[in-house]
1. Looking at ALA156, ALA147, which is the one that is among the aliphatic types (A, V, I, L, M), in contact (Cβ under 8 Å) with a residue 40 or more places away in the chain and over 22 Å from SER11 (Cβ atoms)?
2. Can you go through GLY107, GLY111 and tell me which one is at pLDDT below 90, under 18 Å from ARG56 (Cβ atoms) and surrounded by 16 or more Cβ atoms within 10 Å (Cβ to Cβ)?
3. Would you mention how many residues in region 127-140 are farther than 18 Å from LEU86 by Cβ and touching a helix residue (DSSP H, G or I) at 6+ places or on another chain (Cβ under 7 Å)?
4. In the list GLU175, GLU133, GLU167, which residue meets the criterion of being over 18 Å from THR190 (Cα atoms), among the acidic types (Asp, Glu) and under 18 Å from the mean Cα position of the chain (by Cα)?
5. For region 87-114: of the residues being touching a residue at least 40 places away in the same chain (Cβ under 8 Å) and touching a helix residue (DSSP H, G or I) at 6+ places or on another chain (Cβ under 6 Å), which is farthest from GLY20 (Cα to Cα)?
6. Out of ILE53, ILE106, which single residue is over 13 Å from the mean Cα position of the chain (by Cα) and among the hydrophobic types (A, V, I, L, M, F, W, C)?
7. Would you check if TYR126 is surrounded by 14 or more Cβ atoms within 10 Å (Cβ to Cβ) and on the phi < 0 side of the Ramachandran plot?
8. What's the total number of residues in region 53-63 that are within 13 Å of GLY140 (Cα to Cα) and crowded, with 21+ Cβ neighbours inside 10 Å?
Amino acid sequence: MSIVAPLYGISLFLPSIINGFGFNTTISQLLTVPPYVVATITLLLWAFWSDRIKKRYPFILAGLDFGTFLVVTGAYAGFPGIIAWLGNNLVGHYKRGMGMALQIGIGNFSGAVASNIYRTQDAPRYALGHGIELMFVGIGLVAVPIAVLSYKRINARRESEMREANERGFKYSPEELRRMGDRAPDFRYTL
């Protein structure tokens with residue numbers, strides 16, 4: 001929810017910000033398009049770059065650190081990294097299917113959260129909505145490095161275990177490795 005809640009929040013709130021500058025509703029809606037164009041271009045560039053370097057977390061962290069054009073860009077550009085990161089780190093059709101369904105379902109619940117935290121009575125400052133959005137970003141800024149450190153530790157341990165097994169001449173069969181899924185000693189978490 002650290003990226004999805006702000007994503008929905010900015011989508012719902014950006015027209016109100018622009019409308020506050022004195023534009024009518026139609027113009028306010030039209031003026032929300034440029035940030036989404038920039039976000040889409042950034043999303044595509046980050047997705048390509050993320051695949052190229054085989055790391056998701058730098059782009060998720062960067063997506064959490066952005067302001068108006070950059071908020072939209074950050075939220076939208078970081079979102080595919082989150083989905084790809086989970087998909088990369090779950091092995092097995094059932095586990096991956098369940099994990100991604102849960103992630104997308106809970107993430108979409110963020111739309112309900114975002115549509116209720118920007119209340120009319122809080123206008124024009126929307127302190128409650130902004131505070132909750134910042135809380136979600138803060139959670140992401142803490143959770144992502146923790147996940148990365150955990151994954152690095154597990155990857156290093158598995159590397160050491162595989163090296164020791166190879167030195168002893170021990171080999172797992174492909175069937176054994178497949179059954180172990182993401183707990184297999186040759187599986188490495190994507191960072």
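1. Numbers: ALA156 fails: in contact (Cβ under 8 Å) with a residue 40 or more places away in the chain.
Answer to the selection: ALA147.
2. On inspection, the qualifying residue turns out to be GLY107.
3. Let us first name the residues in region 127-140 that are farther than 18 Å from LEU86 by Cβ, namely 127-135, 137-138.
So of that shortlist, the ones also touching a helix residue (DSSP H, G or I) at 6+ places or on another chain (Cβ under 7 Å) come out as 128-129, 132-133, 137.
Total meeting the criteria: 5.
4. Details: GLU175 fails: under 18 Å from the mean Cα position of the chain (by Cα); GLU167 fails: under 18 Å from the mean Cα position of the chain (by Cα).
The conditions single out GLU133.
5. GLY92
6. Working: ILE106 fails: over 13 Å from the mean Cα position of the chain (by Cα).
Checking each option against the conditions leaves just ILE53.
7. In short, no.
8. The qualifying residues number 3.
The values are calculated or read from the model by the stated rules, or taken from the named source; none is laboratory data. The shown structure was predicted, so the numbers you read here are calculated from the model rather than taken from an experiment. Glycine also receives a Cβ, built like all others from the backbone with ideal geometry; neighbour counts cover every protein chain displayed.
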